[in-house]
Amino acid sequence: MSWEEELFALFDDLESQASAAFADDRAAEIADRSRAEYQQVTLAARLMASVGSELSVGVYGVGLLRGTLERVATGWLLLRTGPERDWVIREAAITGVVGASERAVPAVAWEAVARLGLGSALRRLAEGGERCVLHLLDGTRHEGELRRVGADFVEVYDAGRLALVAFAALAAVQRRD
């Protein structure tokens, strides 16, 4: 082999090593960027991508609920656990979810109705005169008819007694038939 061929072989070898080092650096950079971007993904975004899926949802004060995720909105979700068995679950009361999609839908891509808060869901139940069980984070319950919904609380009326329940204490609302 001539000195020119040896030189070109050396350059080819160095170029291969440089390409391999670049590929390793690029893979590490992509992994770092993926981790950095994923920290922006919210639970609600993952749940939004899971609408229509069968999920198991752990809820403070309630336990494990299994059902079909019907709706996700700002701060709450609607889980159907059976025929006419709907649960409005406050997002802050969720302890864990099994069965969620690997994808996520960012809040900017949500429909306008998905931006409605927990108060809107409770107002709809109150307007329908629905009997409900309000499950609190500490495990206590209030059963009755939802009346009015304030900025951060809901009124529940049962057997001549009116109770005010703060949203911050609320884990889930179960519609009763």
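The values are calculated or read from the model by the stated rules, or taken from the named source; none is laboratory data. Worth saying up front: this structure is predicted, and the values here are computed from it rather than measured. Cβ placement follows ideal geometry from the backbone for every residue including glycine, while neighbour counts extend to all protein chains displayed.
The table below gives the values:
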item: Residue within the stretch 158-175 that is among the acidic types (Asp, Glu) and loosely packed, with under 12 Cβ neighbours inside 10 Å present; result: no
item: Positions within the stretch 120-153 being in a strand (DSSP E or B), over 25 Å from residue 82 (Cα atoms) and hydrophobic (A, V, I, L, M, F, W, C), in sequence order; result: 149, 153
item: Residues that are out of contact with any Leu (no Cβ under 7 Å at 6 or more places or on another chain) and at pLDDT 80 or above, drawn from the stretch 11-51; result: 39, 40, 41, 42, 43, 44, 45, 46, 48, 49
item: Residue within the stretch 108-115 that is within 23 Å of residue 163 (Cα to Cα) and part of a loop (DSSP other than H, G, I, E, B) present; result: no
item: Scan of the stretch 66-76 for residues that are among the hydrophobic types (A, V, I, L, M, F, W, C) and either surrounded by fewer than 19 Cβ atoms within 10 Å (Cβ to Cβ) or more than 19 Å from residue 141 (Cα to Cα) (or both), ordered by number; result: 69, 72, 73
item: In the stretch 83-115, residue surrounded by the fewest Cβ atoms within 10 Å (Cβ to Cβ) [restricted to those that are more than 15 Å from the chain's Cα centre (by Cα) and closer than 24 Å to residue 137 by Cβ]; result: 85
item: Hits in the stretch 98-134 - residues which are under 24 Å from residue 157 (Cβ atoms) and of a type in the set (S, T, N, Q); result: 120
